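Enquirer: Sharing a structure here in structure tokens format.
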Amino acid sequence: MAVIPYSCDFLAANVFLISWAGMTTNDTGAPYPFYRYVSHFTDKSAQAWGTFGGSTILLEGSNKVGPLIDSDYDPIMDPAGINITWTAQAPLKQILPVFVQFRPRITGGAGSSINVTVMMVNKRTQ
């Protein structure tokens with residue numbers, strides 16, 4: 001079980017991309033401190049792809065600040081109130097809540113080289 005670092009890219013003035021690359025079974029993504037940099041981004045979507053091998057990818061968030069333990073995280077839900085998970089490559093999923101920090105986590109199976117990205121767009125005019 002490894003903690004996979006994230007990378008961040010501004011794709012345009014109001015478009016921000018956070019990625020965790022090369023995750024495998026039982027890895028967690030390093031938590032991204034959403035509240036510090038991009039909490040004002042109104043639209044958020046997530047996508048996962050790679051070799052799943054029966055693994056499940058969970059997107060989890062927490063409103064606690066500072067170092068967290070696994071039990072501090074809760075599933076992040078889409079607008080229909082369904083936990084955001086993947087068991088195979090699927091269409092983009094919309095993220096509804098705002099949180100202090102979030103991360104992906106891989107459970108079960110024999111997944112290898114799984115990539116998770118979260119894109120955020122700020123629709124506000126400045």
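The values are calculated or read from the model by the stated rules, or taken from the named source; none is laboratory data. As the structure is a prediction and not an experimental result, all values here were calculated from the model. When we count neighbours, we look across all protein chains shown, and the Cβ atoms used for this are built from the backbone with ideal geometry, even at glycine.
Enquirer: Which members of the range 26-52 meet the condition of being modelled with pLDDT under 90 and farther than 24 Å from Asn122 by Cα?
Expert: Of everything in the range 26-52, those that are modelled with pLDDT under 90 and farther than 24 Å from Asn122 by Cα turn out to be Trp49, Gly50, Thr51, Phe52.
Enquirer: Filter the range 1-59 for residues that are assigned to a strand (DSSP E or B) and basic (Lys, Arg) and give the result.
Expert: Our first condition is that a residue be assigned to a strand (DSSP E or B); within the range 1-59, this holds for 3-4, 7-12, 15-23, 28-29, 32, 43-51, 56-59.
Within the range 1-59, just Lys44 meets the criteria.
Enquirer: I'd like the residue in the range 115-125 that is part of a loop (DSSP other than H, G, I, E, B) and either touching a residue at least 12 places away in the same chain (Cβ under 8 Å) or under 12 Å from the mean Cα position of the chain (by Cα) (or both) and, out of all such residues, is farthest from Thr28 (Cα to Cα).
Expert: Start the filter on the range 115-125 by keeping residues that are part of a loop (DSSP other than H, G, I, E, B), which leaves 122-125.
If we keep only those that are either touching a residue at least 12 places away in the same chain (Cβ under 8 Å) or under 12 Å from the mean Cα position of the chain (by Cα) (or both) as well, we get 122-124.
Details: Asn122: 27, Lys123: 30, Arg124: 32 Å.
Among those residues, the one meeting the criterion is Arg124.
Enquirer: So in the range 96-114, with the set limited to residues that are among the hydrophobic types (A, V, I, L, M, F, W, C) and surrounded by 12 or more Cβ atoms within 10 Å (Cβ to Cβ), which one is nearest to Ala30 (Cα to Cα)?
Expert: Initial filter on the range 96-114 (among the hydrophobic types (A, V, I, L, M, F, W, C)): 96, 98-100, 102, 106, 110, 114.
Adding the requirement that they be surrounded by 12 or more Cβ atoms within 10 Å (Cβ to Cβ) leaves 96, 98-100, 102, 106, 114.
Working: Leu96: 21, Val98: 18, Phe99: 15, Val100: 13, Phe102: 8, Ile106: 12, Ile114: 15 Å.
If we take residues in the range 96-114 being among the hydrophobic types (A, V, I, L, M, F, W, C) and surrounded by 12 or more Cβ atoms within 10 Å (Cβ to Cβ), then Phe102 is nearest to Ala30 (Cα to Cα).
Enquirer: Quick check on my filter: what residues within the range 65-95 are assigned to a loop (DSSP other than H, G, I, E, B) and surrounded by 14 or more Cβ atoms within 10 Å (Cβ to Cβ)?
Expert: If the condition is that a residue be assigned to a loop (DSSP other than H, G, I, E, B) and surrounded by 14 or more Cβ atoms within 10 Å (Cβ to Cβ), then Leu68, Tyr73, Ile76, Asp78, Ile84, Thr87 are the ones that fit.
Enquirer: Take the residues in the range 97-114 that are in a loop (DSSP other than H, G, I, E, B) and touching a residue at least 40 places away in the same chain (Cβ under 8 Å), then tell me which one is farthest from Ala2 (Cα to Cα). Working first, answer last.
Expert: Of the range 97-114, the ones in a loop (DSSP other than H, G, I, E, B) are 97-100, 108-111.
Filter again for touching a residue at least 40 places away in the same chain (Cβ under 8 Å), leaving 98-100, 108-111.
On the way: Val98: 26, Phe99: 23, Val100: 22, Gly108: 14, Gly109: 16, Ala110: 14, Gly111: 13 Å.
Checked the range 97-114; the qualifying residue farthest from Ala2 (Cα to Cα) is Val98.
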